[in-house]
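Visitor: Quick one: this structure, given as structure tokens, is what I'll be asking you about.
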Amino acid sequence: SQQGEEDPQALSIQEGENATMNCSYKTSINNLQWYRQNSGRGLVHLILIRSNEREKHSGRLRVTLDTSKKSSSLLITASRAADTASYFCATPQTGANNLFFGTGTRLTVIP
Amino acid sequence: DTEVTQTPKHLVMGMTNKKSLKCEQHMGHRAMYWYKQKAKKPPELMFVYSYEKLSINESVPSRFSPECPNSSLLNLHLHALQPEDSALYLCASSQDSAQRPWDTEAFFGQGTRLTVV
């Protein structure tokens with residue numbers, strides 16, 4: 001399976017703290033993506049990092065990619081209560097139109 | 001317009017009913033997807049359409065029947081479902097990855113919450 005594994009499964013932090021989530025995947029990729037899902041709703045794309053990139057920033061988000069270890073991390077800085085959601089990494093299979101999701105991290109930011 | 005619209009938002013159906021879920025996008029995307037998501041689990045890929053042709057069917061039971069009438073629309077026909085099929089059904093679309101393998105960001109609809117009774 002292309003599906004990735006994420007850790008931790010759940011993370012609870014105080015508002016203002018940083019949150020780090022990790023993703024490991026199994027096969028070669030063209031890119032890795034991170035998505036956010038508020039409870040029971042659709043997924044929202046956060047950031048895409050290509051296989052030839054090592055780090056990418058978007059606002060309070062920082063993503064790293066280590067293709068040698070087949071792993072990625074998502075850092076959310078200065079967290080807010082509104083960041084409470086589930087976060088998934090996703091990897092498309094090379095040369096195919098599909099997108100497989102990791103197991104997800106449920107983040108709770110306590111005001 | 002960067003929206004994927006799914007209807008209905010909620011659906012309750014009996015095990016003998018026939019119903020359809022609908023999905024629409026106007027971003028010119030040529031890849032469209034159906035995902036199933038159970039509570040506290042990641043989305044699971046069910047079907048992928050590329051250029052209106054079914055390209056991936058992840059061993060989904062025949063009681064789920066996808067249809068892509070044109071490049072903007074995707075349907076999922078449901079018949080004789082089981083209670084365990086109750087889930088959030090998500091539609092998504094993206095650029096065709098064969099043309100743009102580096103940039104396959106997917107846009108998701110808000111989902112249809114399906115309950116089978």
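The values are calculated or read from the model by the stated rules, or taken from the named source; none is laboratory data. On a predicted model such as this, the values are computed, not experimentally measured, just so you know. Cβ: placed from backbone, ideal geometry, glycine included. Neighbour counts: every protein chain shown.
Visitor: Do you know which of the residues in the range A:74-83 that are of a type outside the set (A, V, I, L, M, F, W, C) and buried (at least 17 other Cβ atoms within 10 Å of the Cβ) is farthest from the chain's Cα centre (by Cα)?
Guide: Residue satisfying both the conditions and the ranking: A:Ser79.
Visitor: Still on this structure, I have one more. Could you count how many residues in the range B:2-48 are touching a strand residue (DSSP E or B) at 6+ places or on another chain (Cβ under 8 Å), of a type outside the set (Gly, Ala, Ser) and in a loop (DSSP other than H, G, I, E, B)?
Guide: 13
Visitor: Out of B:Thr115, B:Thr104, I need the residue that is at pLDDT 95 or above and either in contact with a strand residue (DSSP E or B) (Cβ under 7 Å, 6 or more places away or on another chain) or not small (Gly, Ala, Ser) (or both). Which one? Talk me through it step by step, then tell me what you get.
Guide: Details: B:Thr104 fails: at pLDDT 95 or above.
Residue meeting the stated conditions: B:Thr115.
Visitor: Among (1) within 25 Å of A:Arg106 (Cβ to Cβ); (2) of a type outside the set (Ser, Thr, Tyr); (3) more than 10 Å from chain A (Cβ to nearest Cβ); (4) within 14 Å of the chain's Cα centre (by Cα), which single condition is B:Leu88 missing?
Guide: (3)
Visitor: Quick one: A:Glu17 ticks every box in (1) touching a residue at least 24 places away in the same chain (Cβ under 8 Å); (2) in a strand (DSSP E or B); (3) out of contact with any Gly (no Cβ under 7 Å at 6 or more places or on another chain) except a single one, so which number is it?
Guide: (2)
Visitor: Okay, next question. Of these, A:Thr103, A:Thr77, A:Thr108, which one is more than 13 Å from chain B (Cβ to nearest Cβ), in contact (Cβ under 8 Å) with a residue 60 or more places away in the chain and either within 25 Å of A:Gln14 (Cα to Cα) or among the small types (Gly, Ala, Ser) (or both)?
Guide: A:Thr108
Visitor: Within the range A:42-62, which residues are basic (Lys, Arg) and in a strand (DSSP E or B)?
Guide: Matches in the range A:42-62: A:Arg50, A:Lys56, A:Arg62.
Visitor: Just to be sure I understand the filter: pairs with C-beta atoms under 9 Å, separated by 6 or more residues or on different chains, first member in the range B:38-60 and more than 8 Å from chain A (Cβ to nearest Cβ) and of a type in the set (Val, Ile, Thr), second member surrounded by 13 or more Cβ atoms within 10 Å (Cβ to Cβ) and assigned to a strand (DSSP E or B). Which pairs pass?
Guide: From residues that are more than 8 Å from chain A (Cβ to nearest Cβ) and of a type in the set (Val, Ile, Thr), the pairs are B:Val60/B:Trp34; B:Val60/B:Lys36; B:Val60/B:Met46; B:Val60/B:Phe47; B:Val60/B:Pro66.
Visitor: Hey, among A:Ser28, A:Ser39, A:Ser86, which residue is over 30 Å from B:Lys9 (Cβ atoms) and outside any helix (DSSP H, G or I)?
Guide: Answer to the check: A:Ser28.
Visitor: Only one residue in A:Leu99, A:Leu46 is within 19 Å of B:Cys91 (Cα to Cα), buried (at least 17 other Cβ atoms within 10 Å of the Cβ) and at pLDDT below 95. Which one? Before the answer, list the steps.
Guide: Numbers: A:Leu46 fails: at pLDDT below 95.
Just a single option satisfies the conditions, and that option is A:Leu99.
Visitor: For the range A:47-59, which residues satisfy the criterion of being within 10 Å of another protein chain (Cβ to nearest Cβ) and within 24 Å of B:Gln37 (Cβ to Cβ)?
Guide: Listed by number, the residues that qualify are A:Ile47, A:Leu48.
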